[in-house]
1. β-branched (V, I, T), touching a residue at least 60 places away in the same chain (Cβ under 8 Å) and more than 27 Å from N169 (Cα to Cα): does that describe I253?
2. Out of all the residues in the range 26-42, is one or more modelled with pLDDT under 95 and surrounded by fewer than 19 Cβ atoms within 10 Å (Cβ to Cβ)?
3. Where the second residue is of a type outside the set (V, I, T) and within 16 Å of the ligand (Cβ to nearest atom) and the first is under 22 Å from R193 (Cβ atoms) and lies in the range 130-158, which pairs have Cβ atoms under 8 Å and are six or more apart or on separate chains?
4. Taking the conditions exactly as written (among the hydrophobic types (A, V, I, L, M, F, W, C), free of Cβ contacts under 8 Å to residues at least 60 places away in the same chain and crowded, with 16+ Cβ neighbours inside 10 Å), does A211 satisfy them or not?
5. Going through L71, L99 one at a time, which residue ends up being without any contact (Cβ under 8 Å) to a residue 60 or more places away in the chain, within 27 Å of the chain's Cα centre (by Cα), surrounded by 18 or more Cβ atoms within 10 Å (Cβ to Cβ) and not assigned by TED's automatic domain parsing to the domain that holds E173?
6. Among the listed residues E478, E437, E424, which satisfies the condition of being over 14 Å from P396 (Cβ atoms), surrounded by 13 or more Cβ atoms within 10 Å (Cβ to Cβ) and of a type in the set (D, E)?
7. I'd like to know if the range 207-227 contains one or more residues that are at pLDDT 95 or above and assigned to a helix (DSSP H, G or I).
Amino acid sequence: MDIEELLGFAKRAGFFWPAAEIYGGASGLFDYGHLGATLKRNFESAWLKYFVTSNGYHLIEGSNMLPEKPLIASGHASRFNDVVVGCSKCKTYYRADVLLNELNIKVSEGAKPEELEKAIRDNDVKCQKCGGALMQPKDFNLMIDVALGPENHERGYLRPETAQSAYLNFFREFNLLRKRLPMGLAIIGRAYRNEISPRQGLYRMRELAQAELQIFFDPENWEINDSGKLLERQVNIVPYSDHETRRISGNEIVEQLGIPRFYAYHMCMINRFYEEIMHMPADKLRFLELGGDEKAFYNKLHFDIQADISSWGGFKEIGGLHYRGEHDLSSHTKGSGQDMSVESNGKRIMPNVLELSFGVDRNIWMLIDLMYAKDGERAVLKVPYSIAPYNLAVLPLQKDDRIIEYALSLESELRGPFKVSYDESGSIGRRYARMDEAGTPLCITVDFDTVDENSDRFGTVTIRDRDTKAQRRVKRPELADAVTGALA
Ligand SMILES: [Zn+2]
């Protein structure tokens, strides 16, 4: 699928579409519909369980609006910039590096305005809309400011990333959680960026959802207990040194690339999440190292988590694993005056941060891109059963009063333990097709035999499996267990 096809499918089926659609939509803002919102929530729940609660870490929730001071201390007020270039004639604005890269003029992601201006001049780049001359490129801060309170208001910002809330709460949580390292604080929530030219569906948005885990640790005392042998997993990795892709184990990443064991361990953990929980094919996921100007100066190690997404033209970032050193807590210690150094093994240290960061919207897009499959005439969204928006659908086979009554009572019984769709309109083929596109694992049909006391199939219903299309009859008292079993 290309971007337009995927967007068309997402709208038609009920996953997502532009916000304020009836007014023509808004750039970089999306609403999730009844299927998308549940798929997103299920993805977040799976993420939370796998990365956070299973590791003994904690979920917190920070304010979406922040006063100015912490964002000055973190560097966002001065450095969270992209370079914008405008057309002198039609006033179209472009993100300069994206414009140049699209014209196959290579510039790095963190390129400065001067470098971009030179590239524009050297290549005689004009406005892509009207051919007009481009103005001087300049830094543009991506944070969205908000005025807090009336008249002499206080300046605040919508948070540009959820991570800052974890750093701002480190001190209190460290004390509440019995002063132990490593300590993990996770946030699932929205972040806001005034993107210059939002595009590519859910790739670059002005309001986005993040799932981020910040692990605070003592770099000299973080013993990784690999009893689950995660480090034996094979991972696709592209180091900055030679840009060559290799598939090697976590242990080999440590031995051959000199990457710290705790870092390789988390690469393997992420790899397992995508391959085993999200059922992603092994060749679709890789870790790409950023170096030089591309990575933030404070990151000691920075790998993008990338997925091969055909609608986005190949490998694209869906998350990141960042060893941020002590930058964050040092900056906020300086900015706030609150000393956040702690006692660890008899020494005073500033905790280091390992960040696992995921763009939730990009992950949702990726899942649809990778898992929407044509199976002959049939289109199926093969998302893992564990995160499908509906667990099952109840479908009366014919429009018969007794059948419909039975189906409705079945629906209300199953609605407690499961997320259920009920549909009696149109042919059974059409209804199966809709549920296949919604990714619904099981369809339960009620027919004449179900309600016919003289039939030897009286009191049984049919369960149809999404992926195999196999059907079997089950007695109603055994149905809930059969469904639970099939979903496991
Ligand atoms: Zn123009």
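The values are calculated or read from the model by the stated rules, or taken from the named source; none is laboratory data. Not measured: the values here are computed from a predicted model. Note: ideal-geometry Cβ built from the backbone for every residue, glycine included; neighbour counts use all protein chains shown.
1. Values: β-branched (V, I, T): yes; touching a residue at least 60 places away in the same chain (Cβ under 8 Å): no; more than 27 Å from N169 (Cα to Cα): yes.
For I253, the condition - β-branched (V, I, T), touching a residue at least 60 places away in the same chain (Cβ under 8 Å) and more than 27 Å from N169 (Cα to Cα) - is not met.
2. There is at least one residue in the range 26-42 that is modelled with pLDDT under 95 and surrounded by fewer than 19 Cβ atoms within 10 Å (Cβ to Cβ).
3. Listed pairs, sorted by first residue: P137/A96.
4. On the way: among the hydrophobic types (A, V, I, L, M, F, W, C): yes; free of Cβ contacts under 8 Å to residues at least 60 places away in the same chain: no; crowded, with 16+ Cβ neighbours inside 10 Å: yes.
No; evaluated as a whole, the condition is false for this residue.
5. Details: L71 fails: without any contact (Cβ under 8 Å) to a residue 60 or more places away in the chain.
Exactly one residue qualifies, and that residue is L99.
6. Details: E478 fails: surrounded by 13 or more Cβ atoms within 10 Å (Cβ to Cβ); E424 fails: over 14 Å from P396 (Cβ atoms).
Of E478, E437, E424, the one residue that is over 14 Å from P396 (Cβ atoms), surrounded by 13 or more Cβ atoms within 10 Å (Cβ to Cβ) and of a type in the set (D, E) is E437.
7. No; the residues of the range 207-227 include none that is at pLDDT 95 or above and assigned to a helix (DSSP H, G or I).
Residues checked against (1) closer than 16 Å to V461 by Cα; (2) surrounded by 19 or more Cβ atoms within 10 Å (Cβ to Cβ):
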residue	(1), (2)
S341	no, no
V353	no, yes
A388	no, yes
L392	yes, yes
D401	no, no
